[in-house]
Amino acid sequence: MNMKIIEIKEINKRINTNGNASFEVVEFRVDYTIDELSGYEYITIELNENNELVSNIDDNSIFSDEQKEVILKAVMNFHGKPLVRYTLLPFLKLNQRQKNIVNKVYEMLKNSEVYPSGMTKANKFYADNSHLISCRAPSRAFPYSELNACRTKKYVAKVLQYYNCKSVKTLLKHI
């Protein structure tokens with residue numbers, strides 16, 4: 001299967017602040033052709049605290065590993081820095097202590113006892129941890145797409161792993 005990148009377009013760029021660290025999150029639309037079929041995929045790229053670009057391209061991607069490498073290389077050429085991919089374990093692969101922490105925070109989110117961090121702009125919710133979710137960007141038709149994605153158990157498990165949280169208290173700081 002041959003893949004050709006037609007165009008990479010930066011569709012959304014914002015600075016997120018998490019505690020004392022701020023990092024850049026860039027969302028790209030990658031237009032591609034695979035064997036005469038055209039399509040596109042949204043890819044989120046984050047500049048982390050170590051000044052490395054990391055991507056969520058492994059999450060829910062329809063592409064083969066070879067095609068993912070083509071996309072990551074094209075995004076790197078566009079942005080000018082090498083990408084580092086991160087892979088997070090699904091909820092089922094966490095140990096029991098981690099599962100208990102995730103379940104507690106998930107219940108708190110579900111019952112609206114806590115709210116995901118982010119900002120509302122033009123009646124649209126933008127999550128601070130958008131690099132950990134795979135969903136459409138907020139739009140007029142779907143203004144709370146990121147908010148809904150931040151209220152899932154999958155999201156809570158990713159936050160726990162990404163920030164290496166050891167307790168409910170520390171996980172709540174990053175939600």
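The values are calculated or read from the model by the stated rules, or taken from the named source; none is laboratory data. What you are looking at is a predicted structure, and each value in this text was computed from that prediction instead of being measured. No Cβ is skipped: glycine too gets one built from the backbone with ideal geometry, and neighbour counts run over all protein chains shown. Just the protein is used for accessible areas: all its heavy atoms, side chains included, with ligands, DNA and RNA removed. Shrake-Rupley method; radii C 1.70, N 1.55, O 1.52, S 1.80 Å.
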Check your understanding: Name the residues in segment 89-125 that are aromatic (Phe, Trp, Tyr) and in contact with a helix residue (DSSP H, G or I) (Cβ under 6 Å, 6 or more places away or on another chain), would you?
Key -> 91, 106, 125
Point to revise | Selection within segment 160-175 - open to solvent by 30 Å² or more (accessible area, probe 1.4 Å) and not hydroxyl-bearing (Ser, Thr, Tyr) | key: 161, 164, 166, 168, 169, 172, 173, 174
Practice item. May I ask you to list pairs of residues, at least six apart or on different chains, whose Cβ atoms are under 9 Å apart, with the first in segment 152-166 being touching a residue at least 24 places away in the same chain (Cβ under 8 Å) and of a type in the set (Gly, Ala, Ser) and the second being part of a loop (DSSP other than H, G, I, E, B) and surrounded by 17 or more Cβ atoms within 10 Å (Cβ to Cβ)? Key: 157/88; 157/94
Point to revise | Test: residue in segment 130-151 that is open to solvent by less than 60 Å² (accessible area, probe 1.4 Å), modelled with pLDDT of 90 or more and aromatic (Phe, Trp, Tyr) | key: no
Point to revise | segment 135-166: number of residues that are part of a loop (DSSP other than H, G, I, E, B) and either in contact with a helix residue (DSSP H, G or I) (Cβ under 7 Å, 6 or more places away or on another chain) or under 16 Å from residue 120 (Cβ atoms) (or both) | key: 13
Review point. On the given criteria, is residue 157 out of contact with any Asp or Glu (no Cβ under 6 Å at 6 or more places or on another chain) and surrounded by fewer than 16 Cβ atoms within 10 Å (Cβ to Cβ)?
Key: no
